[in-house]
1. Please go through segment 233-242 and pick out each residue that is under 9 Å from Cys195 (Cβ atoms) and assigned to a helix (DSSP H, G or I).
2. Scan segment 48-67 for residues that are of a type in the set (A, V, I, L, M), closer than 19 Å to Gly169 by Cα and near the ligand (Cβ under 9 Å from one of its atoms) and jot them down.
3. Restricting to segment 79-108, and then to whatever is in contact with a helix residue (DSSP H, G or I) (Cβ under 6 Å, 6 or more places away or on another chain) and among the aromatic types (Phe, Trp, Tyr), can you tell me which residue is farthest from the ligand (Cβ to nearest atom)?
4. May I ask you to list pairs of residues, at least six apart or on different chains, whose Cβ atoms are under 7 Å apart, with the first in segment 271-283 being within 9 Å of Asp106 (Cβ to Cβ) and the second being among the charged types (D, E, K, R)?
5. Note down all Cβ pairs under 8 Å where the first residue falls in segment 190-203 and is among the basic types (Lys, Arg), the second is surrounded by 24 or more Cβ atoms within 10 Å (Cβ to Cβ) and not in a loop (DSSP other than H, G, I, E, B), and they're at least six residues apart or on different chains.
6. What's the number of the only condition in (1) in contact (Cβ under 8 Å) with a residue 40 or more places away in the chain; (2) under 23 Å from the mean Cα position of the chain (by Cα); (3) closer than 26 Å to Glu254 by Cβ that Glu266 fails to meet?
7. Being of a type in the set (A, V, I, L, M), surrounded by 24 or more Cβ atoms within 10 Å (Cβ to Cβ) and under 18 Å from Gln290 (Cβ atoms) is the filter here; which residues of segment 143-183 pass it?
8. Of Leu216, Leu249, Leu245, which residue is in a helix (DSSP H, G or I) and in contact with a Lys or Arg (Cβ under 8 Å, 6 or more places away or on another chain)?
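Since every read-out is calculated from the coordinates, none of them should be taken as a lab result. Note that this is a predicted model, so its numbers are computed, not measured. Methodologically, a virtual Cβ is constructed for each residue, glycine included, from the backbone with ideal geometry; neighbour enumeration extends over all protein chains shown.
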Amino acid sequence: MEFRDLKTQYHILKEDIDSAISEAIANTNFISGSPVKELEQQLAEYVGVKHCITCANGTDALILPLMAWGIGMGDAVFVPDFTFFASGEAPALLGATPVFVDIEKDTFNISPMRLEESIKQVLSDGKLKPRVIVAVDLFGQPANYEEIHRIAKKYDLLVLEDGAQGFGGAIGNKKACSFGNVGATSFFPAKPLGCYGDGGAIFTNSDEWAEVIRSLCIHGKGKDKYDNVRIGMNSRLDTIQAAVLKVKLKQFVEYELEQVNENAKEYTNQLQDVVKTPIVLDGYTSNWAQYTIVCKNEKERDNLQKALKEVEIPAMIYYAKGMHEQKAFQNGCVLSGSYENTIYLSRRVLALPMGPYLTEKELSFVVKQIKNLLIGG
Ligand SMILES: *Cc1c(COP(=O)(O)O)cnc(C)c1O
């Protein structure tokens with residue numbers, strides 16, 4: 001069994017994907033070919049924002065807006081403690097100081113209450129200037145943007161939505177990647193919408209930021225690539241990747257998102273009496289980037305992972321530790337609060353095989369094995 005079945009997806013889409021790739025190769029516009037612009041228009045329309053700027057990967061999609069905002073030395077950037085490393089790496093790379101904030105136990109997302117406490121702590125310490133909140137849509141469920149924006153407004157901060165796992169999620173009718181002042185996503189192959197290599201995209205309604213970010217993606221270009229008005233990067237989405245994504249976006253919107261939600265519902269129906277199953281808040285939609293259960297304790301979790309592995313069911317630990325526990329951040333981050341929820345969850349979470357192509361049979365087999373181990377059949 002695959003943790004996320006990209007092979008079946010390719011098998012189903014093979015004809016369209018192969019011809020899209022062949023066409024891109026035949027046209028030989030490998031950088032900034034027409035599929036890139038077309039994809040950006042389709043993504044902006046789907047997410048419901050004015051501008052989409054594709055780039056080389058999801059990490060760059062976080063770094064570029066921070067660069068556009070001039071974030072650097074002396075700035076505090078608030079990041080959930082329970083997330084993929086890149087959420088905190090991006091501000092740190094620019095010389096800013098990540099301030100790690102504990103999460104909520106039910107949603108795995110940043111705790112607005114703890115966020116406000118952290119901001120107050122940084123202000124009273126007086127060493128750093130609070131600038132940005134990086135809100136992560138962890139495992140596919142959008143963060144609590146109503147509260148996050150209330151706090152951002154109160155303290156005059158910008159919100160960067162790390163929607164690397166969030167694409168396709170929603171709150172009401174509003175789509176993920178539209179919730180921040182700028183939103184970022186990743187097309188890493190295993191993400192909900194993945195390409196066949198690295199890729200990313202940035203979303204915003206601001207004409208001014210969009211223009212600066214576009215320039216930063218291409219060596220800080222002015223009139224053209226050889227007129228350079230700022231220090232930038234080389235961060236673009238390849239034409240071939242854009243061609244693949246155009247095919248995959250269509251299927252994602254037409255049925256994959258619905259299918260993955262059916263699978264989540266089925267997992268929850270069959271597992272909720274046995275183990276703590278993930279919760280999606282009222283009015284929220286998840287894309288189920290991960291389906292994460294929470295075991296009673298670390299030993300139960302580790303035993304379960306091992307037992308599943310023995311019957312060739314891959315189950316993954318996202319994430320085994322908090323950001324504040326990463327060696328890379330031992331010097332150069334601000335700690336605030338106790339991180340009790342991050343610590344609780346990082347020792348107990350287990351992500352199960354998931355995706356739109358997980359079959360009923362596979363799902364039942366996973367459930368059966370979990371029941372065997374946790375309640376003896
Ligand atoms: C995957 C991921 C990223 C980074 O995306 P890449 O395309 O791998 O650079 C950033 N943030 C989160 C939350 C992610 O899951």
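1. Result: Ile240, Gln241, Ala242.
2. Ala61, Leu62
3. Taking the candidates together, the pick is Phe100.
4. Hits for this filter: Ile279/Asp106.
5. Hits for this filter: Lys191/Gly58; Lys191/Thr185.
6. (2)
7. Within segment 143-183, Ala143, Ala164, Ala176 qualify.
8. Leu216
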